[in-house]
Amino acid sequence: MKIIIAPAKKMVVDPDTFGIDALPQYLTQTQEILEQLRQLDYPAAKALWHCSDKLARPNFQWLQELDLKRQLTPALLAFSGIQYQYMAPDLFTAPALAYVRDNLRILSGFYGILRPFDGVVPYRLEMQSKLQVAGTHNLYDFWGDRLYRALVTGPGPIINLASQEYAKTITPYLQHPEQLITVVFGSLVNGKLVTKATLAKMARGEMVRYLAEHNAQTAADVTAFDHPDWAFAPDRSTATSLVFIYQK
């Protein structure tokens, strides 16, 4: 079984808590993206990032200086958004760390696909960013089926805890009988299921921790997610969509 999650915009440098296992497997392609980003002037970079001057200026300066092989942080610790805070990987047991090393993959516009202990540096680039690299129209075209090929290395389902923006890097390439199962965290609003972004990010992080702590291997193990705020809804779920409903 493989689990896919999205990265986070917020990143930190922490080379001390855990060591890295390796460099990202598509580092040559990441270097191509970096070189393309460095060709942007400041207004173009800010427009690409869709952020304020307060965020854009230090990111633009960092872009000129970053070294893909120095001051590396394991990907699992480098991303520090809500999902990763609720995952709390720094508190994982040794068996849980071994589980995510084998089963968890982080999709990334900059790095393509990351194993938890690949060494990374902070960056700012979303998968849906309109960046043309090596003659392609966007990052989806640039990465093509590379992420899928790196992900699908054996039997078992792919548990999708990523946003649609990132899951789209995998879904076009799935082949029968490969199965991608999306986990949906929603709230009932006037009888309709609505996904609230912050709650979903929190739940995705807690789900990863649960799967790691319980050595989950099947879709049935996912439905056993035991959390006071979330209840599995079998009547709303399908073979490719597991729905959990917020209980507060």
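Brief remarks on what is shown
- Cβ pairs under 7 Å, 6+ apart, first in the stretch 109-120 and under 12 Å from ILE4 (Cβ atoms) and at pLDDT 95 or above, second among the hydroxyl-bearing types (Ser, Thr, Tyr) and buried (at least 24 other Cβ atoms within 10 Å of the Cβ): LEU114/SER108
- When restricted to residues that are assigned to a loop (DSSP other than H, G, I, E, B), under 20 Å from the mean Cα position of the chain (by Cα) and under 20 Å from TYR26 (Cβ atoms), the stretch 51-94 contains 2.
- Residues of the stretch 172-186 that are part of a strand (DSSP E or B), open to solvent by 10 Å² or more (accessible area, probe 1.4 Å) and in contact with a Lys or Arg (Cβ under 9 Å, 6 or more places away or on another chain): VAL184 alone.
- Of the criteria (1) touching a helix residue (DSSP H, G or I) at 6+ places or on another chain (Cβ under 7 Å); (2) closer than 28 Å to GLY205 by Cα; (3) open to solvent by 70 Å² or more (accessible area, probe 1.4 Å), which one LYS10 fails: (1)
- Top-ranked residue of the stretch 191-202 - restricted to ones that are surrounded by 15 or more Cβ atoms within 10 Å (Cβ to Cβ) and in contact (Cβ under 8 Å) with a residue 60 or more places away in the chain, ranked as nearest to the chain's Cα centre (by Cα): LYS201
- Of residues in the stretch 114-158 being in contact with a Ser or Thr (Cβ under 9 Å, 6 or more places away or on another chain) and closer than 15 Å to THR73 by Cα, the one surrounded by the fewest Cβ atoms within 10 Å (Cβ to Cβ): PRO122
- Condition met for LEU48 (part of a helix (DSSP H, G or I), under 23 Å from GLN164 (Cα atoms) and over 18 Å from the mean Cα position of the chain (by Cα)): yes
- Selected residue (criterion: most open to solvent (accessible area, probe 1.4 Å)) from residues of the stretch 204-237 that are of a type in the set (A, V, I, L, M) and in contact (Cβ under 8 Å) with a residue 60 or more places away in the chain: ALA219
- Condition met for THR169 (open to solvent by 20 Å² or more (accessible area, probe 1.4 Å) and among the β-branched types (Val, Ile, Thr)): no
- Selection from the stretch 15-45 of residues that are assigned to a loop (DSSP other than H, G, I, E, B), at pLDDT 95 or above and farther than 24 Å from ILE170 by Cβ: ILE20, GLN39, LEU40, ASP41
The values are calculated or read from the model by the stated rules, or taken from the named source; none is laboratory data. Everything numeric in this text was worked out from a predicted model, so none of it was measured. Glycine also receives a Cβ, built like all others from the backbone with ideal geometry; neighbour counts cover every protein chain displayed. Heads up: the accessible areas ignore ligands, DNA and RNA and are worked out on the full protein's heavy atoms, side chains in. Shrake-Rupley method; radii C 1.70, N 1.55, O 1.52, S 1.80 Å.
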